[in-house]
Amino acid sequence: MRHVFAAVASTLVVLFAYCVAANEGLAQETYPTKPIQFVVTTAAGGANDLIARTVANRLSELLKQPIVIENQPAANGNVAASHVAQAPADGYTLMIVVDSTMTINPHLYSNIPYNVFQDFTPISLLVRAPVFLIANSGVKANTVQELISLAKASPGKLNYASSGVGTQLHAGMELFKLMTNTDIVHVPYRSTTSAIADMLGGRIELTLTSLSSAKAGIDAGKLKALAVASSERSPLTPGLPTIAESGVPGYNVSSWFGMFGPANLAPAVMDRLSSAIKQMSVDPRFVAAMVPQGMSIVAGSPAELREAMRADSKKWAEVIKRVGITIN
């Protein structure tokens, strides 16, 4: 009798494995069968929105389904992240996110409604973007050292814009102040576009931002780039030094943008998305949209995205503790 039970059990295991494999194969073959929603953690008009819309255009063709963009910038992206964390893990609700939502927010908010390492499925790093220290044309400084001297000569007189309290651009400028022993006043905005608008109007002196956000103002002569905030120079501005090169050794701030789904996303759905993202990354139209904005195309693996999260989470936790940024 034991032999009969063993044989039956063995057969059931084989059948179960076959069914799982068949279902995964079917999911990979049929996904997606309806429109996909991209939840974006920032407002329309900024770098994250630009990336999301460009990715949506290309993936919509490859996946043969419409992709709908929904911007949910409230609470530094916490509202958007919470929405995606609670969505069905079927691949139809995905998130295009700037790194700060996943690496800074957990260290700022005492009660966020999600766990970045448990409630999401990392899908892919999409692009990396250098960050630039930008001044309006009226600032009497053309280098980092001139800016430091100007700030020290008039403590509290200069101000800088960010896209919100607790964003990477806020934390990055606070790190700059800490490392240069300067007093520059923070003026938070709800979006990068509104911050840049006030810089163009001469009401704000400084900001850290992507080249794509500042390029039109730079081309018009109303803004100027003082330095690259990341550890390496940008190929688009090879003559522009980094902040670290300019007398602030060790300074390094850059952004990455990634795609996430809810936790427990099916492997077959992951494979379909990963394959499409890799195809997209070499599409000349995608390259033409990203590279002139100073962005490096990554199209990395889930493991690479998770490692980027871990490394940057550790870095910003230390910075936030030193600077003392808090949000209730």
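Against the numbered list (1) under 22 Å from Leu208 (Cβ atoms); (2) of a type in the set (Gly, Ala, Ser); (3) touching a residue at least 40 places away in the same chain (Cβ under 8 Å), Gly77 comes up short only at (3). For Ala52, the conditions (1) out of contact with any strand residue (DSSP E or B) (no Cβ under 8 Å at 6 or more places or on another chain); (2) touching a residue at least 40 places away in the same chain (Cβ under 8 Å); (3) among the aliphatic types (A, V, I, L, M) all hold with the exception of (1). For the range 138-165, taking the residues that are among the hydroxyl-bearing types (Ser, Thr, Tyr) and at pLDDT below 95, the one that is nearest to Asn181 (Cα to Cα) is identified as Ser154.
Looking only at the range 101-111, residues that are modelled with pLDDT under 90 and either buried (at least 21 other Cβ atoms within 10 Å of the Cβ) or in contact with a Gly (Cβ under 7 Å, 6 or more places away or on another chain) (or both) come to 1 in all.
Being in a helix (DSSP H, G or I), over 27 Å from Tyr160 (Cα atoms) and not basic (Lys, Arg), is that true of even one residue in the range 115-124? Talk me through it step by step, then tell me what you get.
Filtering the range 115-124 down to residues in a helix (DSSP H, G or I) leaves none.
Looking through the range 115-124, none of the residues is in a helix (DSSP H, G or I), over 27 Å from Tyr160 (Cα atoms) and not basic (Lys, Arg).
Considering the range 294-328, and only residues there that are among the β-branched types (Val, Ile, Thr) and surrounded by 13 or more Cβ atoms within 10 Å (Cβ to Cβ), the residue that is modelled with the lowest pLDDT turns out to be Ile327.
Residue under question is Gly166, and the condition is that it be closer than 30 Å to Pro106 by Cβ and not in a helix (DSSP H, G or I); does it hold? So Gly166 fits the description; yes.
Does any residue of the range 46-59 turn out to be of a type in the set (Lys, Arg), under 21 Å from Pro302 (Cβ atoms) and modelled with pLDDT of 95 or more?
Taking the range 46-59 first, the residues of a type in the set (Lys, Arg) are 53, 58.
Still in the list and also under 21 Å from Pro302 (Cβ atoms): 58.
Then drop every residue that is not modelled with pLDDT of 95 or more, which leaves 58.
Within the range 46-59 (the criterion being of a type in the set (Lys, Arg), under 21 Å from Pro302 (Cβ atoms) and modelled with pLDDT of 95 or more), the answer is yes, since at least one residue qualifies.
Could you please find all residues in the range 188-197 being closer than 28 Å to Gly247 by Cβ and buried (at least 17 other Cβ atoms within 10 Å of the Cβ)?
Of the range 188-197, the ones closer than 28 Å to Gly247 by Cβ are 188, 192, 195-196.
Hits for the range 188-197 are Thr192, Ala195, Ile196.
One residue stands out among those in the range 235-248 that are surrounded by 20 or more Cβ atoms within 10 Å (Cβ to Cβ) and among the hydroxyl-bearing types (Ser, Thr, Tyr): the one that is nearest to the chain's Cα centre (by Cα), which is Thr242. Just one residue in the set Gly77, Gly91, Gly138 is surrounded by 19 or more Cβ atoms within 10 Å (Cβ to Cβ) and over 25 Å from Val319 (Cα atoms); that residue is Gly91. Return yes when Tyr114 is more than 18 Å from the chain's Cα centre (by Cα) and of a type in the set (Phe, Trp, Tyr) and no when it is not. It is false that Tyr114 is more than 18 Å from the chain's Cα centre (by Cα) and of a type in the set (Phe, Trp, Tyr).
Is it the case that the range 267-285 has a residue that's at pLDDT 95 or above, in contact with a Phe, Trp or Tyr (Cβ under 6 Å, 6 or more places away or on another chain) and closer than 21 Å to Ala81 by Cβ? The answer is yes; a qualifying residue exists.
Determine, yes or no, whether Ala161 is over 30 Å from Leu273 (Cβ atoms), in contact with a Ser or Thr (Cβ under 9 Å, 6 or more places away or on another chain) and surrounded by fewer than 19 Cβ atoms within 10 Å (Cβ to Cβ). Spell out how you get there, then give the answer.
On the way: over 30 Å from Leu273 (Cβ atoms): yes; in contact with a Ser or Thr (Cβ under 9 Å, 6 or more places away or on another chain): yes; surrounded by fewer than 19 Cβ atoms within 10 Å (Cβ to Cβ): no.
When the stated conditions are applied, Ala161 does not pass them.
The values are calculated or read from the model by the stated rules, or taken from the named source; none is laboratory data. Predicted, not measured: the structure shown is a model, and the values here were computed from it. Glycine also receives a Cβ, built like all others from the backbone with ideal geometry; neighbour counts cover every protein chain displayed.
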